[in-house]
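The values are calculated or read from the model by the stated rules, or taken from the named source; none is laboratory data. Just so you know, these numbers come straight off a predicted model, no measurement behind them. Glycine also receives a Cβ, built like all others from the backbone with ideal geometry; neighbour counts cover every protein chain displayed.
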Amino acid sequence: MQKVQLTAPGPKTDFDSDYQRYWEEMPCYLSVHDPDFRIIDGNRRFREAFGERIGQFCYEVYKGRDEICPNCPVEATFADGQNHPSEQLLTTQDGREVPVMVHTTAITDDAGEVVAVMEMHTDIGEVKRLQALLQRSQERLVQLFEEVPCFITVQGPDRVIQHANRKFRETFGDPVGENCFKMYKHRDEQCLVCPMQQTFDDGQAREHEEVLFTKTGEKLSALCTTAPLRNAEGEVEAVIEMSIDITQIRELQSQLASIGLLVGSISHGIKGLLTGLDGGIYMVNSGFAKDKPERIEKGWEMVQRNVERIRSMVLDILYYAKDRELVVEDVDLTALVSEIRAGIEKKASDADTEVRISLAEDTGVFAGDPQAIRAMLLNLLENSLDACRMDKDKGDHWIRLDVRREQPWMLVEVEDNGLGMDQETREKIFSLFFSSKGIKGTGLGLFISNKIVDKHGGTIELDSEPGRGTRFLVRLPLDAKPSIQPEDEN
Amino acid sequence: MGEAERRVLIVEDDPDIVDYLSFFLEDEGYEVSTASRCSTARKMMDDFRPEVVLIDALLPGKSGLELLVSLRRDPQWSELPLVVVTGNDKILEDDCQSYMGAHEGVRGPDGVLGKPVDRATLLAVLRTLLNDTKPN
């Protein structure tokens with residue numbers, strides 16, 4: 001151990017002994033190191049924590065090591081005379097680990113040479129504990145943000161998404177840096193009414209319902225809430241938006257509404273049919289009273305036609321209500337068409353409409369539900385007949401049914417030169433409860449026909465123009481397995 | 001067709017209801033003409049000169065309510081009694097109200113008949129309206 005002469009020797013004074021006491025009582029570990037890294041002095045706290053270790057190497061005393069520590073701050077201070085603050089972990093003589101903040105000071109002789117380095121270790125155990133606590137709670141916050149079962153984004157004043165949680169990323173894709181309207185509305189510009197903007201403008205929270213589009217193009221109904229995020233000055237710096245998926249609730253609501261509509265639509269339809277029946281009965285009765293056989297005949301036809309309509313309406317309702325599963329067997333369309341031919345021809349002649357049936361000699365068989373396909377055919381044909389009956393602009397009306405096999409499809413074409421449909425009607429024609437027939441329609445027939453074709457794995461193509469007429473082209477797959485699972489009722 | 005016959009125009013797209021109402025009203029001594037579309041009805045007005053028009057609220061193309069508004073706005077026909085015949089269910093009532101609401105200042109129908117049409121009510125409505133506007 002090297003003897004270090006700090007100052008020129010002189011008589012001890014009270015001043016010296018005061019400083020000796022302050023040194024002793026400093027609330028940290030103080031030690032002085034010689035250039036060999038031996039400890040040549042230490043204060044009371046040092047001695048209490050590390051024992052009487054004067055003369056030993058500092059790395060032994062503080063860390064229990066055999067050699068100098070890497071990045072030793074004492075070594076660095078010997079080299080440049082500067083303070084080298086660092087964090088270290090010390091081990092006391094009873095084995096306790098103490099995290100400390102270390103500062104070093106060069107002690108120079110009269111010639112200005114660094115002859116020793118004083119090291120001050122401040123216990124930062126409490127700070128470390130608080131830091132760990134802070135980190136844990138931050139992690140917990142991040143975890144909460146990430147795992148909350150709703151969509152969360154934080155957006156800046158430029159409508160750019162700064163953060164998004166996991167559920168959002170999974171559903172809409174990674175949005176950071178993207179615009180909100182692009183990300184989940186698939187729009188090119190800001191929405192007309194933007195609750196985010198409103199929250200930025202007035203700092204108030206907003207609640208609104210939106211239809212969002214996922215990254216796979218699926219539609220979601222969401223209840224969105226926006227809230228301001230303010231900086232230290234109280235200005236709105238960003239807005240957080242939290243959205244809850246309420247698609248299922250909305251679907252349930254629309255199902256309930258459908259049931260309401262069904263009831264309304266049925267009673268509506270029944271009223272129309274009752275008027276027809278009333279009319280038929282009136283004409284039969286008055287025909288008898290006035291002895292007018294033509295009128296009786298006409299009235300009786302009306303009664304029959306309306307009874308038939310009630311029958312098919314009830315079948316449609318049952319089909320809708322039960323969401324009937326397909327009963328798959330071999331379907332022979334040639335035979336099926338022959339069966340319904342007579343009925344359709346009778347109805348058509350009552351409506352002064354010509355029926356043109358073109359049926360391939362042998363269409364063979366394919367897998368399907370004959371009853372469902374029969375219902376679908378009748379619905380399409382009756383729809384065409386109605387379109388002719390309601391069209392008063394043309395003199396000669398016809399409906400055409402063409403059945404042929406064209407690999408890989410069985411093709412069924414139903415065409416008429418009746419009223420035809422405008423674009424709005426064409427777009428809605430397969431919707432539930434949509435009817436263009438006024439009081440006579442329930443809006444079930446074509447909805448169900450479309451569903452039947454869909455369940456068979458086929459498609460319906462529609463071609464129609466007002467005044468010209470309508471053509472339905474049904475494609476039923478010859479070798480596809482029809483889905484026999486009951487469908488979700490949406 | 002005697003002098004006493006009153007002219008009723010039926011605007012209705014359902015052929016059964018057209019047949020029924022025309023037979024019935026002719027039996028009751030009215031002179032009847034029919035149209036299945038608003039545009040046809042509009043063209044027939046000058047020739048037939050109806051004294052009352054029965055309009056089905058749901059007609060293809062233009063709604064019967066549009067026909068009502070267009071006749072009301074035509075000075076020649078603004079006082080003509082118009083009766084709307086409807087399925088009379090809630091949806092239709094709402095539609096009717098919102099439609100009329102959007103045409104402020106236009107007088108609503110002079111009568112509304114629900115389907116199935118009650119013959120006695122129909123006759124009563126026609127008698128009242130025709131007496132009111134053109135007393136014998």
Problem set entry | region A:79-107, residues that are in a loop (DSSP other than H, G, I, E, B) and in contact with a helix residue (DSSP H, G or I) (Cβ under 9 Å, 6 or more places away or on another chain) | A:82, A:83, A:84, A:85, A:92, A:93, A:94, A:96
For this session: Tell me, yes or no, whether region B:62-75 has at least one residue that is modelled with pLDDT under 90 and within 11 Å of another protein chain (Cβ to nearest Cβ).
Result: yes
Problem set entry | region B:11-25 - residue that is within 21 Å of residue B:127 (Cα to Cα) and surrounded by 24 or more Cβ atoms within 10 Å (Cβ to Cβ) and, of those, farthest from the chain's Cα centre (by Cα) | B:20
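If only one of A:280, A:272, A:287, A:299 is within 14 Å of chain B (Cβ to nearest Cβ), in a helix (DSSP H, G or I), in contact (Cβ under 8 Å) with a residue 60 or more places away in the chain and of a type outside the set (Val, Ile, Thr), which one is it?
Going through A:280, A:272, A:287, A:299 in turn, the sole match is A:272.
Quick check, is residue A:354 touching a strand residue (DSSP E or B) at 6+ places or on another chain (Cβ under 9 Å) and either modelled with pLDDT of 80 or more or of a type outside the set (Gly, Ala, Ser) (or both)?
yes
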For this session: Answer yes or no: is there a residue in region A:318-330 that is crowded, with 16+ Cβ neighbours inside 10 Å, away from chain B (no Cβ under 14 Å), assigned to a helix (DSSP H, G or I) and of a type outside the set (Lys, Arg).
Result: yes
Exercise. Of the residues A:35, A:27, which single one is at pLDDT 90 or above and loosely packed, with under 10 Cβ neighbours inside 10 Å?
Worked result: A:27
Exercise. Within region A:45-64, which residues are among the basic types (Lys, Arg) and over 17 Å from residue A:100 (Cα atoms)?
Worked result: A:53
Exercise. Which residues, counting only those in region A:356-391, are under 25 Å from residue A:308 (Cα atoms) and surrounded by fewer than 15 Cβ atoms within 10 Å (Cβ to Cβ)?
Worked result: A:356
For this session: With the condition kept exactly as written, say whether any residue in region A:430-447 is away from chain B (no Cβ under 14 Å), at pLDDT 85 or above, crowded, with 21+ Cβ neighbours inside 10 Å and not in a loop (DSSP other than H, G, I, E, B).
Result: no
Exercise. Which residues, counting only those in region B:46-58, are at pLDDT below 90, part of a loop (DSSP other than H, G, I, E, B) and in contact with a strand residue (DSSP E or B) (Cβ under 7 Å, 6 or more places away or on another chain)?
Worked result: B:57
For this session: Could you tell me whether residue A:314 is within 14 Å of chain B (Cβ to nearest Cβ) and within 49 Å of the chain's Cα centre (by Cα)?
Result: no
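If a residue must be of a type outside the set (A, V, I, L, M, F, W, C), within 11 Å of chain A (Cβ to nearest Cβ) and in a strand (DSSP E or B), how many such residues does region B:14-45 contain?
Within region B:14-45, residues that are of a type outside the set (A, V, I, L, M, F, W, C), within 11 Å of chain A (Cβ to nearest Cβ) and in a strand (DSSP E or B) number 1.
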Exercise. Among the candidates B:74, B:56, B:16, which residue alone is within 23 Å of residue A:386 (Cβ to Cβ) and without any contact (Cβ under 8 Å) to a residue 12 or more places away in the chain?
Worked result: B:16
